[in-house]
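The values are calculated or read from the model by the stated rules, or taken from the named source; none is laboratory data. Owing to the predicted nature of the structure, the values given are computational and were not obtained by experimental measurement. Note that we place each Cβ from the backbone using ideal geometry, even for glycine, and neighbour counts take in every protein chain shown. In case anyone asks, the SASA skips ligands and DNA or RNA and just uses the protein heavy atoms, side chains included. Shrake-Rupley method; radii C 1.70, N 1.55, O 1.52, S 1.80 Å.
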Amino acid sequence: MATDSYGRRVDYLRISVTERCNLRCVYCMPAGGLPVRERSELLSFEEIELFVRAAAREGISRIRLTGGEPLVRKGIVELVRRLRAVPGIESVALTTNGSLLARMAADLASAGVDRVNVSLVSLDPAVYSLATRGGRLEDALTGIDAALEAGMAPVKINVVLMRSLGQDPMTFARLTLDRPLHVRFIEYMPVGAGGEDGCDPVGGSDDWTQADRVANDEVLARLDSDGAGAGLGPLKVVDPGDGPPGSGPARYYRFDGAAGTVGVISAMSHMFCADCNRLRLTADGRLRTCLFSDDEIDARRVIREGSGADLRALVLAAVAAKPESHAMRVGTIRRMSQVGG
Ligand code: SAM
Ligand code: SF4
């Protein structure tokens with residue numbers, strides 16, 4: 001397995017399959033969307049598979065498809081099937097807004113998606129619509145039901161908290177009581193907020209401010225007191241080995257007797273870099289060594305012009321180039337929807 005300069009084992013690859021999305025979440029995208037790339041700039045399914053074959057030979061065993069919204073890319077079920085068949089790939093997961101999941105979950109599961117993360121910004125239909133700029137809460141909820149019915153496990157719910165949206169963490173935590181759902185609160189991150197190209201603020205996380213970020217310690221304190229008030233008792237820490245598989249940078253907790261867990265991902269208040277195990281491949285074929293770094297490696301050129309050996313060397317070079325930490329940097333050239341989260 002590939003190990004980076006800081007002794008971290010890298011076995012996980014996030015692949016953004018498209019920059020397009022059918023929503024425009026306020027923390028992620030500008031209201032008008034982003035310029036659409038030429039088709040020739042995007043990696044084809046054959047090219048993605050070629051890269052994954054090389055990465056798998058260097059120890060990548062888990063893939064997550066993301067975007068943009070991965071389910072808007074035509075043929076995504078076929079891509080899952082192809083990647084799942086690559087020797088060495090043990091898991092293909094998905095991060096989605098869930099809006100198209102109700103109609104696709106069964107096919108995705110039979111193609112080999114085992115795990116799914118569904119983003120859910122609010123359980124209030126009006127706030128959901130406002131925060132996603134037009135999305136329907138009902139669609140995401142039926143998507144979550146369909147993922148459970150299709151046997152995907154774990155099903156995780158990603159909640160980005162913004163103070164200006166006034167979300168109540170307890171409403172989400174209640175989802176974990178009866179069904180095996182794993183709610184993760186994610187600190188609002190300044191990805192795409194500015195950047196070294198001096199891009200103008202155009203919405204999405206370009207509008208990020210410290211004041212709008214809800215620190216995870218505050219979330220846990222609120223859940224503890226609201227849980228006690230509702231007779232659920234305090235949150236109990238879940239040992240890392242007992243948390244949902246594919247825990248990544250989250251820390252997990254549970255209300256007594258709950259079927260699911262509550263997790264926090266503290267990108268900003270507690271740096272999660274020490275456990276970083278991943279590389280990212282963008283839809284236009286750039287390899288990123290860190291969510292917050294604009295250093296990119298042009299994998300597309302090597303996929304299109306190089307040999308399998310060149311590609312494997314590129315994967316190792318990317319692992320070796322991983323920085324020790326994101327050093328609380330604010331602002332990247334690419335937006336979250338262009339990196340894949
Ligand atoms: N469209 C899919 C979705 O929403 O799940 C996948 C792509 S989205 C960019 C991946 C993840 O990034 C989602 O969980 C989303 O909530 C999260 N995200 C987007 N913008 C963010 C921000 N500024 N801070 C923290 N998380 C963010
Ligand atoms: Fe689309 Fe996901 Fe970004 Fe929301 S977070 S705009 S669903 S890519």
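Please give me the summed charge of the neighbours of residue 227: other residues whose Cβ is under 12 Å from its Cβ, Lys and Arg +1, Asp and Glu -1. Mind showing how you got there, number by number?
Details: positive: 174, 222, 236, 254; negative: 224, 226, 256.
Summing Lys/Arg as +1 and Asp/Glu as -1 gives +1.
If I take every Cα pair under 8 Å that is 6 or more residues apart in the stretch 12-339, average their sequence separation and divide by the length, what percent do I get for the relative contact order?
Dividing the mean separation by the residue count of the stretch 12-339 yields 21 percent.
Can you tell me the accessible area per residue over the chain, all protein chains present, probe 1.4 angstrom, in square angstrom?
Solvent-accessible surface per residue comes out at 40 Å².
Taking all protein chains in place and a 1.4 Å probe, what share, in percent, of the accessible surface of the stretch 12-339 do carbon and sulfur account for?
Whole-percent figure for carbon plus sulfur exposure: 51.
Per DSSP H run of n ≥ 4, the term is -39500 (n - 2.57); total these for the chain, divide by its residue number, and report the mean residue ellipticity at 222 nm rounded to 500 deg cm²/dmol.
-8500 deg cm²/dmol
Given C-alpha coordinates of the stretch 12-339, what is the ratio Rg to Rh with the Kirkwood estimate of Rh?
On the Cα set of the stretch 12-339, Rg over Rh gives 0.95.
What number in nm² do you get for the stretch 1-120 if you take the convex hull of its Cα atoms and divide its surface by four?
8.5
Given a Förster distance of 45 Å, report the FRET efficiency between residue 210 and residue 148 from their Cβ-Cβ distance, rounded to the nearest 0.05. Working shown, then result.
Values: r = 36 Å, r/R0 = 0.81.
Approximately 0.80, to the nearest 0.05.
Taking only Cα atoms, what is the 0 to 90° angle, nearest 10, from helix 45-57's long axis to the longest principal axis of the chain?
Once rounded, the angle reads 90 degrees.
Note down the accessible area of residue 6, probe 1.4 Å, to the nearest 10 Å².
Solvent-accessible area, nearest 10 Å²: 110 Å².
Rounded to the nearest 10 Å², what accessible area does residue 95 show when all protein chains are kept and the probe is 1.4 Å?
The value for residue 95 is about 20 Å².
Between 0 and 90 degrees, rounded to the nearest ten: what's the tilt of helix 308-320 against the longest Cα principal axis of the chain?
Long axis of 308-320 versus the principal axis of the chain: about 50 degrees.
Give the accessible area for residue 20 in Å² (nearest 10); use a 1.4 Å probe, count only protein heavy atoms, and leave out ligands, DNA and RNA.
Probe radius 1.4 Å; accessible area of residue 20 about 140 Å².
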